[in-house]
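**Student:** For reference, the structure I am asking about is given below.
The values are calculated or read from the model by the stated rules, or taken from the named source; none is laboratory data. Predicted model only: the values in this text are computed from it and were never measured. Here Cβ is always computed from backbone atoms with ideal geometry, including for glycine, and neighbour counts include all displayed protein chains. The protein model used for the area step is the full one, side chains on, heavy atoms only, and it has no ligands, DNA or RNA in it. Shrake-Rupley method; radii C 1.70, N 1.55, O 1.52, S 1.80 Å.
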Amino acid sequence: MSHCFSIPLTVLLALGFGGLLPAQSILFHPASDTATPIGMALHDEIWRTGSPAQAVLPREAVAVLFGDRNGNGLLDDGPTRFDALATNAAGHIYVSLASNAVLANGSTLLDGDVLRLDAGAPLSVVWTESLFAAAVGASTVDIDAFAIGVSGEIYFSFEEDEITTSVALMVQNGGNATLDEQCVFRLDLGQNVAVLHLTQAAVVALFNTAFGSTATSVVDTTGLELDPLDATALWITSGSASAALKGRIVSTRNGGTPVTIGGTPFEPSAAGFSTNCTLDSLALGNMSWPVVRLTPASGSASNAANGIVRVEQAGPMELVQLVITTPQLPGPSGVLSQLPGWGGIHVNPADPLFALSANAPQFTLAADPAGVASYGFSFAGMTPGLQAIIQTIEIATLRVSTPAVLTITV
């Protein structure tokens, strides 16, 4: 069933942040691609817990947020992985990258920086690698886990062992100048020197107490978050491949308490993943909006292969409207939205395709009882080298989806 629906331009151009605020979910991205009942969870995507778990920042959206970094005229330069993740009450998303990234303006994001992913503004570095390096008396560092405390303090851990020149940290570390990648540090608001919040041995003891294991190492601290039941406690997840610990989360409460959902220790398989996998990041947040997925995200105009635009997490049986425009390069481009859902509008209202697609009956899709709507198309005959940005809006609620980029090859 299709219905013609025209999206008011004034609505789409409204500025300000808005969103629906359901109960908080555990946010993470898997360390490896893992099958789920609704498709493959990819290691460079942010997911949230649910029944089943669902993507909230998929690969297709990340490419839009990072723009055309290499100047080839295509939005295909998203990072390969986020190492750390945090959110705040204002809906901001903070990440650290797994490797350095050069932006279109020539600036470089370092793997030790913590940056803010804004739905309608350029990427911005909030905490620099040099700040973290100086705070622990090291030269260069790679942030691997990060959390923001209630008093503005920040907790963090590193991707690799680091050597410190700080006498104070050596003392806190039992006289050892090597700061293990399992250690957790705290940098208090207004301070420039960190303290060793948890030693490697303390982190291992937390997991052993929580899960009855006898590990001597959990490999790496890969995710941190405040415990919602106790703001003085932390959640920690690790890089351990042990069956008892893989993908699990421990709270520092009571010397080590499992983080549970419905009374069962959280692990990816309990969230619908086919197997347990380690988690490369960890956060709590209210990220809830429709998500656009593409299968595939690129295709050849010279053959008759078919593609699918799939909208997930729409309201059951709701109507959603696809809107399609060409991207504004180099980007990232977009404006903040006061509508609920994803906080930015990335389609270009000045593009003639905007009005055409917003009024096209074939682009009005009905979601099924699971909140999924799909549109099938053929790549044959499309213009080689063309890219399109796709977003949707839920007609009844005006919830905006994440953007996605479709690429047409020769």
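**Student:** Taking the conditions exactly as written (in contact (Cβ under 8 Å) with a residue 60 or more places away in the chain and on the phi < 0 side of the Ramachandran plot), does residue 159 satisfy them or not?
**Tutor:** Working: in contact (Cβ under 8 Å) with a residue 60 or more places away in the chain: yes; on the phi < 0 side of the Ramachandran plot: yes.
Here the answer is yes, as residue 159 does meet what is asked.
**Student:** So, in the range 351-367, how many residues would count as being open to solvent by 50 Å² or more (accessible area, probe 1.4 Å) and either modelled with pLDDT under 95 or part of a helix (DSSP H, G or I) (or both)?
**Tutor:** The total comes to 6.
**Student:** Now, a different point. If you go through the range 320-334, how many residues are in contact with a Leu (Cβ under 7 Å, 6 or more places away or on another chain), under 16 Å from residue 62 (Cα atoms) and surrounded by fewer than 24 Cβ atoms within 10 Å (Cβ to Cβ)?
**Tutor:** 1
**Student:** Still on this model: Working only within the range 374-410, note down all residues that are in contact with a Pro (Cβ under 7 Å, 6 or more places away or on another chain) and either surrounded by fewer than 24 Cβ atoms within 10 Å (Cβ to Cβ) or of a type in the set (S, T, N, Q) (or both).
**Tutor:** Across the range 374-410, the qualifying residues are 387, 391, 392, 397, 398, 401, 402, 408, 409, 410.
**Student:** In addition: Test residue 202 against the stated conditions and say whether it is within 17 Å of residue 233 (Cβ to Cβ) and open to solvent by 10 Å² or more (accessible area, probe 1.4 Å).
**Tutor:** Considered against the rule, which asks whether it is within 17 Å of residue 233 (Cβ to Cβ) and open to solvent by 10 Å² or more (accessible area, probe 1.4 Å), residue 202 comes out as yes.
**Student:** Across the range 146-164, what is the number of residues that are closer than 16 Å to residue 98 by Cα, surrounded by fewer than 18 Cβ atoms within 10 Å (Cβ to Cβ) and within 24 Å of the chain's Cα centre (by Cα)?
**Tutor:** Taking the range 146-164 as the starting set, the residues that turn out to be closer than 16 Å to residue 98 by Cα are 146, 156-161.
Add one more test, that the residue is surrounded by fewer than 18 Cβ atoms within 10 Å (Cβ to Cβ), and what stays is 160-161.
Subsequent filtering for residues that are within 24 Å of the chain's Cα centre (by Cα) retains 160.
Residues that pass the stated criteria total 1.
**Student:** Does residue 214 count as modelled with pLDDT of 95 or more, open to solvent by 20 Å² or more (accessible area, probe 1.4 Å), of a type in the set (Ser, Thr, Tyr) and more than 28 Å from residue 98 (Cα to Cα)?
**Tutor:** Yes; evaluated as a whole, the condition is true for this residue.
**Student:** Being of a type outside the set (Gly, Ala, Ser) and in contact with a Pro (Cβ under 6 Å, 6 or more places away or on another chain) is true for just one of 258, 228. Which residue is that?
**Tutor:** Among 258, 228, only 258 is of a type outside the set (Gly, Ala, Ser) and in contact with a Pro (Cβ under 6 Å, 6 or more places away or on another chain).
**Student:** Would you point out the residue of the range 78-95, among those that are under 30 Å from residue 409 (Cβ atoms) and in contact with a strand residue (DSSP E or B) (Cβ under 8 Å, 6 or more places away or on another chain), that is most open to solvent (accessible area, probe 1.4 Å)?
**Tutor:** By that ranking, first place goes to 81.
**Student:** Could you list, ordered by first residue, the pairs with Cβ atoms under 9 Å in which the first is in the range 85-104 and over 25 Å from residue 228 (Cα atoms) and among the hydroxyl-bearing types (Ser, Thr, Tyr) and the second is open to solvent by 40 Å² or more (accessible area, probe 1.4 Å) and in a loop (DSSP other than H, G, I, E, B), at least 6 apart or interchain?
**Tutor:** So the pair list comes out as 99/80; 99/81.
**Student:** Return the total of residues in the range 174-196 being part of a loop (DSSP other than H, G, I, E, B) and more than 27 Å from the chain's Cα centre (by Cα).
**Tutor:** The initial filter retains those residues of the range 174-196 that are part of a loop (DSSP other than H, G, I, E, B), namely 174-177, 180-183, 188-194.
Still in the running and more than 27 Å from the chain's Cα centre (by Cα): 174-177, 190-193.
Looking only at that region, the number is 8.
**Student:** Being open to solvent by 20 Å² or more (accessible area, probe 1.4 Å) and under 20 Å from residue 342 (Cα atoms) is the filter here, so list the residues in the range 298-312 that pass it.
**Tutor:** 310
**Student:** I would also like to ask the following. I need the strands (runs of 3 or more DSSP E) fully contained in the range 211-312, keeping only those with at least 3 residues that are more than 19 Å from the chain's Cα centre (by Cα). Full working, then the answer.
**Tutor:** Values: elements: 221-227, 230-238, 249-251, 283-285, 291-295, 298-300, 306-312.
Fully inside the range 211-312 and qualifying: 230-238, 298-300, 306-312.
**Student:** Shifting gears a bit: Quick test of your reading of the structure: residue 124 fulfils all but one of (1) over 18 Å from residue 239 (Cβ atoms); (2) at pLDDT 95 or above; (3) open to solvent by 30 Å² or more (accessible area, probe 1.4 Å). Name the failing condition by number.
**Tutor:** (2)
**Student:** Looking only at the range 91-119, how many residues end up being within 16 Å of the chain's Cα centre (by Cα) and not in a strand (DSSP E or B)?
**Tutor:** Result for the range 91-119: 8.
**Student:** With the structure loaded, tell me whether residue 143 is within 19 Å of the chain's Cα centre (by Cα), at negative phi, in contact (Cβ under 8 Å) with a residue 24 or more places away in the chain and open to solvent by 10 Å² or more (accessible area, probe 1.4 Å) or whether it fails that test.
**Tutor:** Working: within 19 Å of the chain's Cα centre (by Cα): yes; at negative phi: yes; in contact (Cβ under 8 Å) with a residue 24 or more places away in the chain: yes; open to solvent by 10 Å² or more (accessible area, probe 1.4 Å): no.
Spelling it out, it is not the case that residue 143 is within 19 Å of the chain's Cα centre (by Cα), at negative phi, in contact (Cβ under 8 Å) with a residue 24 or more places away in the chain and open to solvent by 10 Å² or more (accessible area, probe 1.4 Å).
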